[in-house]
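S.K.: Before anything else, here's the structure in question.
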Amino acid sequence: MNNMFRKKPIGHIHPESSLHRSLSTFDLTLMGIGAIIGAGVFVLTGIAAATKAGPAIVISYVIAGLASMFAALAYAELAAAIGGTGSAYSYAYAGFGEFIAWIIGWNLLLEYVMSVGTVAIGWSGYVTNFLAAIDIHLPDSITKNPFDGGVINLIAVFIIIVLSLLLCLGVKHSARINAVIVAIKLLTIATFIAVASVNVQIENWANFLPFGWTGVMEGAALVFFAYIGFDALSTAVEEAVEPQRSIPIAIMTSLLVCTAVYIIVSLLLTGIVPYTSLNVESPVADALLKIGYQSIGGLIAAGAVAGLTTVMLVMFYGLTRICLAMSRDGLIPVSVAKIHSQTHTPIRIILFTGIVIAAIAGIAPINHAAELVNIGTLAAFTFVCGGVIVLRATLPDLDRPFKLPLNPLIPTLGILFCIYLMLNLPGVTWWRFLIWTIAGILIYFMYGIRHSVLGNANKN
């Protein structure tokens, strides 16, 4: 039982499973932007404005951005000091022990699987609408899940298969494709900003706080989904050329760029059309169509497809690396952690998780998925911020190439912001989170604690 609370030594490495270092600071920054800008700006902005916050959605983004910034600073310190490919899971292992690490890792798996599956369904919808616009109409049987009148969403399954094969080829190939798509995505957003900035109707901001402060906070809890992704960068420590320098820079740069983009886009979006008209699947493109920009609206839709693709790619990447870290520690079967000798990628993990995600995207209705993803992420962020405080006290002499300023004020603010946002999520989301966590605890005691590499090593 004491194994539950054993902490992994800092710098614990598995040389036989080492990944190939090929990612530069620029690669990592673009990966961060690729992961962050996607469903949040192209989908959730409109929904949150119409149903939660109105034009004050811009304040919601600032609040969610602050919570993310505090967490990002904590991630940057721990990524540079501890390393490892497991992100918050690895940091919790070093700071809080194996049991807490397992719970965090288990919830990170939920976050990443549901994120990729949900975005795949959104991607399928955009592609189907694009094909319909050029008079190619696919039957519902292959574009919708059984609960929505179809048989299987083959479009969503198809993109997961493509991304699985791409990740199997190697992270550098994935990073190059990500860089191209990110460029397209940023060009798309720049086009929207240019057009929207000359079509703002001030009267659309007259009722700025229609749902009050409660709506602003509920909006912040929802649009927090838009910031998920920067944490995936901390899973790339073993594949970064200079991780102690490049990971903190990439995390902070990508988050700052994306926060600025969200604030500008949300402000302009509620300025060009009434916020009540934004509760649609593609609010950015739909708003431009409403003010007469047909061709630009089509371009935005194409950019949204590109944006969602990079989100899936980077989140899928992060999922496989967290599975790799947990497998190395024996908490899930060690056999899946094998790295392919030619591609330097964990092919078994990629294929297995790809099958799971494809099944979710193909046949499952993903209702309220954003909230479910958010609560798992906020819980992980809370422990990462707490990990900074704990490790500063327990390991004061640890080499920290990047040190979070104003400790313990900033990590404490991060904890408070994350908990406050969690409390603004619906009650049903808490029940789902609780059920998933209980399932994880049962798996740990039935399998993980018996096969733990660290626990078995301590017995010998």
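S.K.: Treat the range 61-207 as a sphere of radius equal to its Kirkwood radius over Cα pairs and apply Stokes-Einstein at 37 °C in a medium of 0.692 mPa s; give the translational diffusion coefficient in µm²/s, rounded to a whole number.
M.R.: 168 µm²/s
S.K.: Remind me, relative contact order of the chain in percent, using alpha carbon pairs under 8 angstrom and six or more residues apart?
M.R.: 34 percent
S.K.: Continuing with the same structure: Mind listing the phi-derived Karplus ³J(HN,Hα) values for the range 27-36, rounded to whole Hz, using 6.51, -1.76 and 1.60 with θ = phi - 60°, and x for any glycine or proline?
M.R.: Karplus-based 3J(HN,Hα) across the range 27-36 equals 4, 5, 4, 5, 4, x, 5, x, 6, 7 Hz.
S.K.: Over the alpha carbons of the range 169-302, what is the largest minus smallest coordinate on each principal axis, giving the biggest first in Å?
M.R.: 51, 37, 23
S.K.: For residue 148 and residue 406, FRET efficiency with R0 = 45 Å and r from the beta-carbon atoms, rounded to 0.05?
M.R.: About 0.40, to the nearest 0.05.
S.K.: Oh, and also: Give, to the nearest whole percent, the P(r) tail of the chain beyond 27 angstrom, counting all Cα pairs.
M.R.: 51 percent
S.K.: Can you find, among 80, 204, 125, the residue farthest towards the positive end of the dipole of the chain? Put +1 on the C-beta of Lys and Arg, -1 on that of Asp and Glu.
M.R.: 80
S.K.: Three principal axis extents, largest first, for the C-alpha atoms of the range 214-292, in Å?
M.R.: That works out to 47, 32, 19 Å along the principal axes.
S.K.: Under a 1.4 Å probe, what is the accessible area of the range 334-424 per residue, stated in Å²?
M.R.: Each residue of the range 334-424 exposes 46 Å² on average to a 1.4 Å probe.
S.K.: Right, another one. Which order do the peptides 413-420, 162-169 take when ranked by the mean count of other beta-carbon atoms within 10 Å per residue, highest first?
M.R.: 413-420, 162-169
S.K.: How long, wide and thick is the range 122-217, going by the Cα atoms along their three principal axes, in whole angstroms, largest first?
M.R.: Rounded to whole Å, the extents work out to 49, 39, 34 Å.
S.K.: Determine the relative contact order of the range 140-239: mean sequence separation of Cα pairs under 8 Å and six or more apart, normalised by residue count, in whole percent.
M.R.: 9 percent
S.K.: While we're here: What are the ³J(HN,Hα) values, in whole Hz, obtained from phi via the Karplus relation 6.51 cos²θ - 1.76 cosθ + 1.60 with θ = phi - 60°, for each residue of the range 284-300 in sequence order, with x given for Gly and Pro?
M.R.: Calculated HN-Hα couplings, in order: 5, 5, 5, 5, 5, 5, 5, 9, x, 9, 5, 5, 5, x, x, 5, 5 Hz.
S.K.: Then there is this: Give me the percent of the accessible area of the chain that comes from carbon and sulfur atoms, probe 1.4 Å, all protein chains in place.
M.R.: Accessible surface attributable to carbon and sulfur in the chain totals 69 percent.
S.K.: Determine ³J(HN,Hα), in whole Hz, for all residues of the range 180-193 in sequence, where each value follows from phi through the Karplus function 6.51 cos²θ - 1.76 cosθ + 1.60 and θ = phi - 60°; x replaces Gly and Pro.
M.R.: 5, 5, 4, 4, 5, 5, 5, 5, 4, 5, 4, 5, 4, 4
S.K.: Expected output is a single nm value to one decimal: the length gained when fully extending between residue 208 and residue 183, i.e. 0.36 nm times separation in residues minus the C-alpha distance. What is it?
M.R.: Here the segment from residue 208 to residue 183 would lengthen by 5.7 nm.
S.K.: Can you give me the accessible area per residue for the range 53-121, using a 1.4 Å probe, in Å²?
M.R.: 13 Å²
S.K.: Show the residues, 5+ positions off or on another chain, whose built amide H is closer than 5 Å to the amide H of residue 340.
M.R.: 345, 347
S.K.: So, for the range 173-307, what is the accessible surface per residue at a probe of 1.4 Å, expressed in square angstrom?
M.R.: 38 Å²
S.K.: Residue separation times 0.36 nm, minus the C-alpha to C-alpha distance between residue 397 and residue 201: what's the value?
M.R.: 64.9 nm is the gain from fully extending residue 397 to residue 201.
S.K.: Could you give the nm distance between label points at residue 260 and residue 138, where each point is 7 Å from its Cα heading toward the beta carbon?
M.R.: Each label point is offset 7 Å from its Cα along the Cβ direction, giving 3.7 nm.
S.K.: Could you run the Debye sum over the Cα atoms of the range 121-172, one equal point scatterer each and no solvent, and tell me log10 of I(q)/I(0) at q = 0.32 Å⁻¹, two decimals?
M.R.: Values returned for q = 0.32 Å⁻¹ are -1.16.
S.K.: Still on this model: Report, in debye and to the nearest 20, how large the dipole of the range 296-448 comes out about its Cα centre when Lys and Arg carry +1 and Asp and Glu carry -1 on their Cβ.
M.R.: It works out to roughly 200 debye.
S.K.: Please report the accessible area of residue 430 (heavy atoms, 1.4 Å probe, ligands and nucleic acids excluded) in Å², nearest 10.
M.R.: The accessible area of residue 430 comes to roughly 90 Å².
S.K.: Quote the charge dipole size of the chain about the Cα centre in Debye, to the nearest 20; the model charges only the Cβ of Lys and Arg (+1) and of Asp and Glu (-1).
M.R.: Value, rounded to 20: 900 debye.
S.K.: Once you sort the root eigenvalues of the Cα gyration tensor of the range 409-460 as a ≥ b ≥ c, which label holds: rounded (a/c under 1.5), prolate (a/b larger than b/c) or oblate (the other case)?
M.R.: Because a/c hits 1.5 or more and a/b fails to exceed b/c, the range 409-460 counts as oblate.
S.K.: How far is helix 57-81 tilted, in degrees, relative to the longest principal axis of the Cα atoms in the chain, given as a value from 0 to 90 rounded to the nearest 10?
M.R.: That helix lies at roughly 20 degrees to the long axis.
S.K.: If Rh is defined by the Kirkwood formula over all Cα pairs and Rg also comes from Cα, what ratio Rg/Rh do you get for the range 287-406?
M.R.: Checking Rg against Rh, the ratio lands at 1.10.
S.K.: Right, next: Name the residues whose placed amide hydrogens come within less than 5 Å of the amide hydrogen of residue 330, ignoring near sequence neighbours (fewer than 5 apart) on the same chain.
M.R.: Amide H to amide H, under 5 Å and 5 or more residues apart or across chains, residue 330 pairs with 453.
S.K.: Enumerate the amide H contacts of residue 23 below 5 Å, restricted to partners 5 or more residues apart or on another chain; note that Pro and chain-start residues carry no placed amide H.
M.R.: Long-range HN contacts for residue 23: 240, 241.
S.K.: Give me the tail of P(r) for the range 307-368 as a percent: Cα-Cα pairs with distance above 19 Å.
M.R.: Cα-Cα pairs of the range 307-368 separated by over 19 Å account for 38 percent.
The values are calculated or read from the model by the stated rules, or taken from the named source; none is laboratory data. Everything numeric here is computed off the predicted structure, so don't read it as measured data. We place every Cβ from the backbone using ideal geometry, glycine too, and count neighbours over all the protein chains shown. Areas reflect the complete protein model, heavy atoms only, side chains present, ligands, DNA and RNA absent. Shrake-Rupley method; radii C 1.70, N 1.55, O 1.52, S 1.80 Å.
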